[in-house]
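The values are calculated or read from the model by the stated rules, or taken from the named source; none is laboratory data. Worth saying up front: this structure is predicted, and the values here are computed from it rather than measured. Here the Cβ is made from the backbone with ideal geometry for all residues, glycine too, and neighbour counts use every protein chain on show.
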Amino acid sequence: MKKAIFLLLFTFTISLSAQSIRVYNLNVAPENAASVGDLFKEYHENGKRKSGNVTLQRVRFQNHVSHRVIITGDPNNWGSAIERPESDWRAYLRGTRAFRRPSEGSYTARSAYWKNGDREKYHVGQQWLIRVEDPAKYAAAWIKFAKAIEPMIGDRMMGLGAINMGDLDGASHYTVFYGENMNDLEIILNKIRTSKAYEEFVKTRGENEIIKSFSVEDLLSFN
């Protein structure tokens, strides 16, 4: 399957006008993964969004979730830029429904910070769902930390967002960090955790609890 990776377009500010994010989890049997990818590409590659993009990712280390679809964009400029027949959308849903099993953990969120980079090279990420006691304190500490480690991580991406809706066992925020592969992620994250910037972040972020973490991998993306 040919990849069509585009950079995600997020804002760099904590504000109500930040990019909206909608995450729809899928549970697909391994033998049906290629069919779901083909249907995703067939429907989305001929469309164009007013803002943001739509991405299909593979998910690992999360129960009953094998893939997810992420839709991002400006809430004031949301949706398709090209008028398409409703029948196309219904046909797409019917096609994917045959390959999907019950899943959980879908959510909506608002991007608070995104460091851009080389998403084609660094397309494997680790995401954390976190319960935060003081959102403003946590966000300020996290963004300071993210900026401090930029020289260390190069063209890798990282982001922070506030969760709006979803049954995520009380998680209020997510963070995500991308690398070249699982091994690259492990090496760079271990390096980060020994840095002074991370030590300062731990001291200043306030009370928080990691609810879960899992791996994501970009497969296809269209804007």
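Below are the figures for this structure:
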item: One residue from PHE61, PHE6, PHE10, PHE40 being aromatic (Phe, Trp, Tyr), at negative phi and modelled with pLDDT of 95 or more; result: PHE40
item: Qualifying residue in segment 117-125 (condition: under 19 Å from ILE210 (Cβ atoms) and surrounded by 14 or more Cβ atoms within 10 Å (Cβ to Cβ)); result: yes
item: The listed residue being polar (S, T, N, Q), surrounded by fewer than 18 Cβ atoms within 10 Å (Cβ to Cβ) and either closer than 18 Å to GLN19 by Cβ or at pLDDT 95 or above (or both), out of SER35, SER66; result: SER35
item: Strands (runs of 3 or more DSSP E) contained entirely in segment 127-223, each with at least 2 residues that are surrounded by fewer than 19 Cβ atoms within 10 Å (Cβ to Cβ); result: 158-165, 208-222
item: Members of segment 70-90 that are part of a loop (DSSP other than H, G, I, E, B) and either within 18 Å of the chain's Cα centre (by Cα) or not hydrophobic (A, V, I, L, M, F, W, C) (or both); result: ASP74, PRO75, ASN76, ASN77, TRP78, GLY79, GLU83, ARG84, PRO85
item: Residues satisfying the stated conditions in segment 40-69, i.e. more than 18 Å from the chain's Cα centre (by Cα) and either part of a strand (DSSP E or B) or acidic (Asp, Glu) (or both); result: GLU42, GLU45
